[in-house]
Amino acid sequence: MSESINMAVVGAGYWGRNYVRNFEALPEARLRWACDADAAALERAQRCAPGAQLSTDYLEVMADEGVQAVAIATNVSTHHAIAMAALNAGKHVLVEKPMAPSVAEAEEMVALAQRKGLTLMVGHLMLYHPAVEHLEELVASGALGRIYYLYASRVNLGRIRDDENALWSFAPHDVSLISHILRKKPVSVSARGRGYLRPDVADVVFLNLGFDDDTMAQIQLSWLDPHKERRLTVVGSKKMVVFDDTHVSEKLRIYDKGFDQPPEYETYGAYLSLRDGDINIPHIPLKEPLTAECRHFLRCVSHHEVPRSPGEQGLEVVRVLEAAEESMRNDGAPERL
Ligand SMILES: NC(=O)c1ccc[n+]([C@@H]2O[C@H](COP(=O)([O-])OP(=O)(O)OC[C@H]3O[C@@H](n4cnc5c(N)ncnc54)[C@H](O)[C@@H]3O)[C@@H](O)[C@H]2O)c1
């Protein structure tokens, strides 16, 4: 068994506390530092990690030569500065999504990690979800046939942000998930969004992705909605799947529905026959995706493996977001990627 990795978590707010809890609990890690600029956030983090050193200054953490890797869960505007400091100090980095607020900053982070030979992984949480792993296998095995189109909704009421709009806050999950299961990058993007609560921060965004084989994806993102939905529907030529992450136990439903083409037909009406078959609900073991993400990061660091969500993928997601932002400024005009 390999030795445990000495970790630091920078940013111990709403989401960062979950990193503190996980890295404190995992035997593959030793949490040396919890860091947050806000002393009250640090105090709350300390309750889950009583043995960790505390700091309000991330440079103090970077100066500790014993720290091998840093997880960053601060506000997106700070990801670049903190990640660059960590990489320059020779530490592996796990950075929350979106990895940076611009393509230029994301490119610098990827280039520095490559130059230093360090792991740079992005917290694209959905890729570590057991239901997504199942869905990925279904798509890869061809069980769904050719994927025609997908649509996702990530909506709820609340947690309004002023430093990120609904696009930057939510879309990284769906863009990374859809690209991952299709195993390809979008080639075009268009988006329309509106800030109803605050004109300069879009609360509601309708995002469209195009792929080179005519596959289409539509993603609805909002924190101003009466429902909490975390749903992705995948429509293939053989089967259709719904991934509903708000369902406690039935996360995936596989519908044996579609249209078959009989080998011989006489009229156009008989050209396609409707298939309305079984609905299968596979058993998916309940596991916390963030724990799987943290374990994967530690494994990549200790075994020098390329992560499932490397910095390069984070950069591609930021490229989509930046293009979508430009499209929103032009009220939905398509952008080529
Ligand atoms: N993967 C997910 O499902 C998920 C969920 C929520 C948030 N996130 C991401 O996590 C990140 C943080 O989001 P959050 O909701 O926890 O925000 P938050 O505002 O609750 O927490 C951010 C924390 O970072 C601290 N911070 C900011 N600048 C700092 C600096 N220079 N040094 C040290 N600490 C600093 C703040 O004091 C705050 O406590 C964002 O990138 C967000 O998109 C991911």
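Please compute the net charge surrounding GLY195, taking Lys and Arg as +1 and Asp and Glu as -1 over other residues with Cβ under 14 Å from its Cβ.
Computed value for this residue: -2.
On a 0 to 90° scale, report how tilted helix 130-141 is relative to the longest principal axis of the chain, with both axes built from alpha carbons and the result rounded to the nearest 10.
Relative to the chain, helix 130-141 is tipped by roughly 50 degrees.
Under a cut-off of 22 Å between alpha-carbon atoms, report the lysines in cross-link reach of LYS91, not counting same-chain residues fewer than 8 places apart.
Answer for LYS91, where 22 Å is the Cα cut-off: LYS116, listed by chain and number.
Which net charge results for the neighbourhood of VAL10, defined as the other residues with beta-carbon distances under 11 angstrom from its beta-carbon, given Lys and Arg at +1 and Asp and Glu at -1?
-3
Fewest first, what order do VAL175, VAL242, VAL20 take by the number of other Cβ atoms within 10 Å?
VAL242, VAL20, VAL175
When the chain is fully extended, how far beyond the present Cα-Cα distance does ARG295 get from SER77, taking 0.36 nm per residue of separation?
75.9 nm
Can you spot the aspartates and glutamates whose alpha carbon is less than 20 Å from LYS251's alpha carbon? Ignore those fewer than 8 places along the same chain.
Qualifying aspartates and glutamates at Cα under 20 Å: GLU133, GLU136, GLU137, ASP174, GLU229, ASP278, GLU288, GLU293.
Compute the angle between helix 76-88 and the longest alpha-carbon principal axis of the chain, please, reported from 0 to 90 degrees and rounded to the nearest 10.
For 76-88 against the chain, the angle is about 60 degrees.
Hey, quick one: spin label on GLU305, modelled 7 Å out along Cα-Cβ, who in the range 103-120 has an amide N within reach, i.e. under 16 Å?
119-120
Could you check which residue among LEU112, LEU232, LEU127 shows the biggest mean-square fluctuation in a GNM of the chain with a 10 Å Cα cutoff?
Highest fluctuation of the listed residues: LEU112.
On a full-extension model of 0.36 nm per residue, what is the gain between GLU326 and ARG275, subtracting their alpha-carbon distance, rounded to one decimal in nm?
14.2 nm
Where the Cα atoms of the range 244-288 are projected onto their three principal axes, how long is each span, largest first, in whole Å?
Principal axes ranked by extent give 53, 16, 14 Å for the Cα atoms.
What three numbers, in Å, describe the spread of the alpha carbons of the chain along their principal axes, ordered from the longest?
77, 50, 40
Between rounded, prolate and oblate, where does the range 156-221 land on the alpha carbon gyration tensor, with a ≥ b ≥ c its root eigenvalues, rounded for a/c under 1.5, else prolate if a/b exceeds b/c?
Prolate is the answer for the range 156-221, as a/c is 1.5 or above and a/b outweighs b/c.
What residue among GLY269, GLY145, GLY11 shows peak mean-square fluctuation when the chain is described by a Gaussian network model with Cα springs under 10 Å?
Greatest mean-square fluctuation among the candidates belongs to GLY269.
What list do you get for VAL306, VAL301 if you sort them by fewest beta carbons within 10 Å?
VAL306, VAL301
Going by how many other Cβ atoms sit within 10 Å of their own, how do THR74, THR246, THR233, THR267 line up, fewest first?
Fewest-to-most Cβ neighbours within 10 Å comes out as THR267, THR246, THR233, THR74.
Please say if the range 227-337 is rounded, prolate or oblate, where rounded means a/c under 1.5 for a ≥ b ≥ c the square roots of the C-alpha gyration tensor eigenvalues, and otherwise the choice is prolate for a/b larger than b/c and oblate otherwise?
oblate
Among DSSP beta bridges lying fully in the chain, give the percent that are antiparallel, nearest 5.
Expressed as a percentage, antiparallel bridges in the chain total about 60.
Going by the alpha-carbon gyration tensor, a ≥ b ≥ c the square roots of its eigenvalues, is the range 1-67 rounded (a/c under 1.5) or, if a/c is not under 1.5, prolate (a/b greater than b/c) versus oblate?
In terms of gyration-tensor shape, oblate.
Which of ILE72, ILE219, ILE147 ends up with the largest GNM mean-square fluctuation for the chain, with Cα atoms connected below 10 Å?
ILE147
Only the coordinates and a few stated rules stand behind these numbers; no lab work does. As the structure is a prediction and not an experimental result, all values here were calculated from the model. Cβ sites come from the backbone with ideal geometry, for glycine too, and all protein chains shown count toward neighbours.
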